[in-house]
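Colleague: The structure's right below; bear with me while I get my questions together.
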Amino acid sequence: MSSRNIPSDKINLRLILVSGKTKEFLFSPSDSAGDIAHHVFENWPEDWAEEAVAKAEILRLIYQGRFLHSNVTLGALGLPFGKTIVMHLVPRENLPEPNSQGLQPHRKADSPLLDGHEITSYTSLL
């Protein structure tokens, strides 16, 4: 779906599975990650049959490397209307803890030391 075919009040999500298969769906800014998971589950593409899941509640969206909680809306993410946004869709029973997403604390090369300790940053959940 090209940008010119996307209604100006909608967001086109290109969802990518772990297998690399993709499909596009149109959503409103008021739709939450949970709403999206339910919609995709109820409209599971035929060519995704091998990746089918038992229930919508285990489908999780990942945007910019972060798992989205089910109540987060597309509008809250500040996504542009009338555009295509890419997200990953993965089956996962529980969301990881903020520090267990496989991310190690890291120090930027120009980060100062505070009382002999490096200042670190972590990626947190939305």
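The values are calculated or read from the model by the stated rules, or taken from the named source; none is laboratory data. Please read these numbers as outputs of a predicted model, since none were measured by experiment. Because the Cβ atoms are built from the backbone with ideal geometry, glycine has one as well, and the counts that use them run over all protein chains shown. Ligands, DNA and RNA are stripped out before the accessible areas are found, and what is left, the full protein with its side chains, is counted by its heavy atoms. Shrake-Rupley method; radii C 1.70, N 1.55, O 1.52, S 1.80 Å.
Colleague: Six or more apart or on different chains, Cβ under 6 Å: which pairs go from a residue in the range 72-85 that's more than 17 Å from residue 23 (Cα to Cα) to one that's part of a helix (DSSP H, G or I) and open to solvent by less than 40 Å² (accessible area, probe 1.4 Å)? Could you list them?
Modeller: What qualifies is 72/33.
Colleague: Still on this structure, please answer the following. Is it true that some residue in the range 101-119 is under 13 Å from the mean Cα position of the chain (by Cα) and either of a type in the set (A, V, I, L, M) or at pLDDT 95 or above (or both)?
Modeller: Within the range 101-119, none of the residues are under 13 Å from the mean Cα position of the chain (by Cα) and either of a type in the set (A, V, I, L, M) or at pLDDT 95 or above (or both).
Colleague: Pairs please, first residue from the range 15-36 and over 17 Å from residue 92 (Cβ atoms) and β-branched (Val, Ile, Thr), second anywhere and part of a strand (DSSP E or B) and open to solvent by 20 Å² or more (accessible area, probe 1.4 Å), Cβ atoms under 7 Å, 6+ apart in sequence or on different chains.
Modeller: Listed pairs, sorted by first residue: 22/14; 22/16.
Colleague: I need a count of the residues in the range 62-77 that are open to solvent by 70 Å² or more (accessible area, probe 1.4 Å) and in a strand (DSSP E or B).
Modeller: 1
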